[in-house]
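No value in this document is a laboratory result; all are computed from the given coordinates. On a predicted model such as this, the values are computed, not experimentally measured, just so you know. A quick note on method: Cβ atoms are made from the backbone with ideal geometry, for glycine too, and the neighbour counts reach across all protein chains shown.
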Amino acid sequence: MTAPLFQPITLGDLTFPNRIAVAPMCQYSADDGSATDWHLYHWMNLAMSGAGMVTVEMTDVERRGRISHGCFGLYSDANEAAAKRTLDAARRVAAPGTKFGTQLAHAGRKASCRRPWEGGGPLQPGEDPWPIVSASAIPYDTGWQTPHALTEDEILETIQRFADAAVRAGRAGFDFIELHGAHGYLIFQFLSPLSNRRKDRWGGSLENRMRFAVEIAKAVRKAAPALMLGARLSVKEWVEGGFEVDEAIEVAKALKAQGVAYICCSSGGNSPLQKLPSGAGYQVHLAEAIRKGADIPTRAVGLIADPQFANTVIAEGRADMVALARAFLADPRWAWRAAATFGETIHPAPQLARSVTTMQHWMKAAG
């Protein structure tokens, strides 16, 4: 019998060959939003991984929505052309059945920052910073820019930018779109009562705070109906008075009603005061809660590095897929190793086929 981790799954109109996903990882290596040679290497490497679902990275819908000068986007013709060129190359070497998606996002008040290896934190004068925006004029932390609170018209314009980026994603050749409503970026800034203090129809009650996310989902579905649509949420904020699991369940239900096919369940990222737990699979219980509470497929993420543990998460019905990020950077053949663990087979590009038996021998020797 096929191990649960390697059973196919259908989300929306897309069937994935297994339950393994590559979680999106910012590479901070774009040129004004356009993919570069680094992305060519990175996407091709992920394509050969054997993961059924590859979500390439956070993809900004406008220039001021970038975290850093090096962030990837789909807000210009040049961005679109570079993404298509890079994705076409990745598809040529991909394992059979691999589906590719991009994660549409806007960093909001966490924009205009240095790359992580440059120290992170907000850009300073002389480093070409730019004005930032959010749901309310509340900075992320002491010493950070105070964002401009978006007006009604600016909110509607931002929603349209998500729709425009979705159209570009379709033309570039992506199979699905994921909306980034996690980690303290703009969609989550509207969801959280800590960062959204608005008094209009976009703030206050949960219904109002989720309106931005729901309207984006509606606009994206209308603009790109051929693309399967998913969403990532920070299911819990880990700060007193912040966004909680029961609210996330209601948001997931509302997104499902707009055609969202799955929820990737992460947490935190909206406050430096968060008390985030750690340890293997520390967010799996959040995926389980959303799966049961909203009756929607979920993707578990967060320190899921052991194939046996990943398989157990699926086998026990705690989530429908598992997503790995840093594990795939450290071990691009993680899915091959997992397949060997359970006596399954990954079918890579023919140029790599000989190495599969080598991996199987290694696993057998390791016991």
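Expressed in Å, the radius of gyration and Dmax of the Cα atoms of the range 1-107 are 14.4, 50. If both residues of a DSSP beta bridge must be in the range 4-366, then about 15% of such bridges are antiparallel.
Within the range 56-141, the GluC sites (Glu not before Pro) that combine a DSSP coil assignment with at most 13 other C-beta atoms in a 10 angstrom radius are GLU127. For PHE342 and SER205, a Förster radius of 41 Å and the Cβ-Cβ distance give a FRET efficiency of 0.30, rounded to the nearest 0.05. Consider a paramagnetic label point 7 Å from the Cα of ASP141 along Cα→Cβ; state which residues of the range 171-192 have an amide N under 14 Å from it. Taking a point 7 Å out along Cα→Cβ of ASP141, the residues of the range 171-192 whose backbone N falls under 14 Å are 184. For the range 3-84, the relative contact order works out to 33 percent when only alpha carbon pairs closer than 8 Å and six or more residues apart are counted. Straightening the chain between ARG197 and GLU127 buys 22.2 nm, computed as 0.36 nm per residue apart minus the Cα-Cα spacing. What is the helix-to-structure angle for 37-47, meaning the angle in degrees between its Cα long axis and the longest Cα principal axis of the chain, kept from 0 to 90 and rounded to the nearest 10? Once rounded, the angle reads 50 degrees. Extension gain for the segment GLN351 to LEU276, taken as residue separation times 0.36 nm less the Cα-Cα distance, is 22.7 nm to one decimal. Counting only alpha carbon atoms, the long axis of helix 152-172 and the longest principal axis of the chain meet at about 20°.
Figure legend: label point modelled 7 angstrom from the Cα of ALA257 along Cα→Cβ; residues of the range 195-223 with amide N under 18 Å from it are 201-222. Counting 0.36 nm for each residue step from ARG326 to GLU154 and taking away their Cα separation leaves a gain of 58.4 nm. Translational D (Stokes-Einstein, µm²/s) of the range 4-366 at 20 °C and 1.002 mPa s when Rh comes from the Kirkwood sum over C-alpha pairs? D = 105 µm²/s. Separation of the range 277-356 and the range 89-155, taken as the distance between their Cα centroids, equals 27 angstrom. Gyration tensor over the Cα atoms of the range 248-307: the corresponding equivalent ellipsoid has semi-axes (square roots of 5 times the eigenvalues, largest first) of 22, 15, 9 Å. Put in line by how crowded their Cβ is, counting other Cβ atoms within 10 Å and starting with the fewest, LEU273, LEU206, LEU11 read LEU273, LEU206, LEU11.
From the C-alpha gyration tensor of the range 171-278, pull out the three semi-axes of the equivalent ellipsoid (sqrt of 5λ each), sorted largest to smallest, in whole Å. Mind dumping the intermediate values first?
On the way: eigenvalues 115, 51, 25 Å².
For the range 171-278, the ellipsoid semi-axes come out as 24, 16, 11 Å.
As a rough footprinting exposure proxy, the listed residues HIS42, HIS180, HIS347 were ranked by other beta carbons within 10 Å of their own, and the order from fewest upward is HIS347, HIS42, HIS180. Fewest-first ordering of TYR41, TYR262 by other beta carbons within 10 Å of each residue's beta carbon gives TYR41, TYR262.
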